[in-house]
Every structure is written in structure tokens, then in C-alpha cells.
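Quick notes on the structure that follows.
The values are calculated or read from the model by the stated rules, or taken from the named source; none is laboratory data. All figures in this text were calculated on a predicted structure; none of them were measured in a lab. Quick reminder, even Gly has a Cβ in these numbers, built from the backbone with ideal geometry, and neighbours come from all protein chains shown.
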Amino acid sequence: MGLTRHCLGLSAIFFAWFAASGPAFAADLAYADAAPAPASGWQFSFTPYGWMININGDVTAAGNTVAVNESFFDIVDKSDSLAAFMGYFEARKGKLALFTDLVWLDLGFSGSVNVSGSPFARFPRAVVSIAGRGQLDYQSIIIQSGVAYEVARWQNAPGSYTAVDVLGSARYWNQDVSLSVNLTGTLDVDFSRLGFNFKRSRGVAIARANDLEWVDPVVGVRVRHQIAPGKELRLLGDVGGFGVGSDFSWQAVALYGFHTTCFGIPFNADIGYRALYVDYSESGPFGTNGLDFLQHGPLMGISFNW
């Protein structure tokens, strides 16, 4: 595939994704408009966006762990399935905001598996070496809903202010993991004292499917800084899990929003970066299932306010 064709293909995929998407900044990016909310009356905003996700970490299915370190372009290039929908909705009145964020992903890509060493304490001369490739099909639903409340505001200059919100929410995860691993292993045992060695190699194919589901309590802080009317910087951080759902999760978002007009229709454009980490595991009848990885990448979205 030529470079031009490859880039055009990636662009088409991303913008189709972006057009169908919605805000993954959910509880995170809230406040899509640059001006403060009026003292009375509700304001509403909806933000569809595209998230160019990179994934780094481990996925475990039925005791089998695959290391995944894929950039967005690797995922696009290797995936036999790539689809997403992301949307953020917020209703705001004065200092109070109610928000819901939805992220849906359907990805398929490969990872690496490597195990080596002497796993048997009583038989230090028995050495196991296993290497292989794993195919991971990953469908993810993340829904975060909660409340944001403005606790502080400073007027910096005419048309400029800084505000701080505290956030309380619940983040629902549903992760459907299908893992296929092709392994080639070697067992090398030294019986030199008995006059011979034992060495054997074989290939192993493993396929498992696991549906992981849990809810994390989440608390966070968001800072909104209006640089000038129609130009706003938003920073958000939250932590969750605490052993209630996942062992731990965190999120960080930096977003720059600005007002613009397209075909006579005013809206807010958003660009930024988002990172979302989770560490979750559970014991199943066939071994441990879990996720320990970071999803991160640039964001681009548009916000419609009424």
C-alpha cells in the first residue's frame, strides 16, 4: 500500500469515526461552552468527538496474558475491526452540572507473549522458554455519569476568568475480551548426572473469551480558564476504583476549546489530549481475567449548545 493511499485510508477511517463519535471527556471535559452559565435556566451541550487511541499494557484472559503496545496507526493498520462511538452530554444550571459520557470501542489487534526461566524451585535445571503471538479482539463500553459543582471562581480581567469544579461520578465498564494465543514452547531439562538430557518443543493454541463488567466510584477536579470570550482551556483529573470495582483507575484530560462558525452555524471546536488508565482483575474458573493498561491519545470534537 502506497503512502498516499495509506494516509487517505486512515483519514477516511478517522473522520468517519469522528463524525459518528461523541465526547469521551465525559465527566471529564464537561463545560463545553466558554461563557459562565446564567443564574437561572438550564443550558445543554452535546459533544461528539474522535479519540485517536494508543494502548499500552497487559490484557489477561483465563490466566493467559498478552502484552499490548499499539499506537493508533498500528491499530488501524493491523485491525480487522475498528469502530467507535463517543458522546458527551451535559445539562448545567448555575454552578451545578449533570453529565454523562459514553465511549464504545470495537478493536482487534495482535500482541506478544514471552515466558522464560526456571519455574520449578525443586528442579532448577528445568528451563522453560515460551514465545508467541496473540490476537486480541477487544470491545469496550465505558459510561461515566455524575455531578460537577463549581466551588471557586476568580475574575482575571474583563472577559477572562478561572473556575474550579469538583466532580463525583460512577464509571461503568463492560469489557468483552477475546484472546487467541499461538505459543511455541521448549522444555530443556539437564540430567547430566544420569548421563542424558531431555529437550522437547511443541506448539500450543489457546482461545478464551471473557466478559468483564464493573463500576468504579470516581472523584475529580476540573479547572476552566477562559482566556478570552470564545477561548477556553480546560484541565481535568480524576481517580477511581479504590478496590470497589477496579483496583485503581485514573484519568487526565487537557482541552482547548474555541468558538467558530461553519456554513453559518456556530459551534465550539475542541482539541486536546486524554489518558485513561485502569487496573482490574478477577478470578475465574479457568484462571485470572483482567486489564492493566493505559489508553491515551489526541482528541478532536465539536460541541453544540442550546
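Of the residues in segment 282-302, how many are touching a residue at least 60 places away in the same chain (Cβ under 8 Å) and loosely packed, with under 14 Cβ neighbours inside 10 Å?
Qualifying residue count, segment 282-302: 2.
To keep it simple, each residue is scored yes or no on (1) touching a helix residue (DSSP H, G or I) at 6+ places or on another chain (Cβ under 9 Å); (2) of a type in the set (D, E, K, R); (3) closer than 30 Å to residue 228 by Cα.
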site: 241; (1), (2), (3): no, no, no
site: 247; (1), (2), (3): no, yes, no
site: 253; (1), (2), (3): yes, no, yes
site: 258; (1), (2), (3): no, no, yes
site: 263; (1), (2), (3): no, no, yes
site: 273; (1), (2), (3): no, no, yes
site: 280; (1), (2), (3): no, no, no
site: 284; (1), (2), (3): no, no, no
site: 296; (1), (2), (3): no, no, yes
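For segment 99-152: of the residues being at pLDDT 65 or above and surrounded by fewer than 16 Cβ atoms within 10 Å (Cβ to Cβ), which is nearest to the chain's Cα centre (by Cα)?
The extreme case among them is 147.
Please indicate, with yes or no, whether at least one residue in segment 75-89 is modelled with pLDDT of 80 or more, surrounded by 17 or more Cβ atoms within 10 Å (Cβ to Cβ) and over 16 Å from the mean Cα position of the chain (by Cα).
So far as segment 75-89 goes, yes, one or more of its residues are modelled with pLDDT of 80 or more, surrounded by 17 or more Cβ atoms within 10 Å (Cβ to Cβ) and over 16 Å from the mean Cα position of the chain (by Cα).
Does segment 221-239 hold any residues that are in a strand (DSSP E or B) and out of contact with any helix residue (DSSP H, G or I) (no Cβ under 9 Å at 6 or more places or on another chain), and which are they?
Listed by number, the residues that qualify are 221, 223, 224, 225, 226, 227, 228, 231, 232, 233, 235, 239.
Taking the options 270, 292, 238, name whichever one is within 16 Å of the chain's Cα centre (by Cα) and over 20 Å from residue 166 (Cα atoms).
292
If a residue has to be assigned to a strand (DSSP E or B) and either crowded, with 17+ Cβ neighbours inside 10 Å or under 18 Å from the mean Cα position of the chain (by Cα) (or both) to count, how many in segment 241-266 make the cut?
10
Pick from segment 164-195 the residues that are modelled with pLDDT of 95 or more and touching an Asp or Glu at 6+ places or on another chain (Cβ under 6 Å): which of them is surrounded by the most Cβ atoms within 10 Å (Cβ to Cβ)?
Across segment 164-195, the extreme among qualifying residues is 171.
Restricting the search to segment 272-306, which residues are touching a Pro at 6+ places or on another chain (Cβ under 7 Å) and β-branched (Val, Ile, Thr)?
First pass over segment 272-306, keeping only residues touching a Pro at 6+ places or on another chain (Cβ under 7 Å): 273, 301-302.
Matches in segment 272-306: 302 only.
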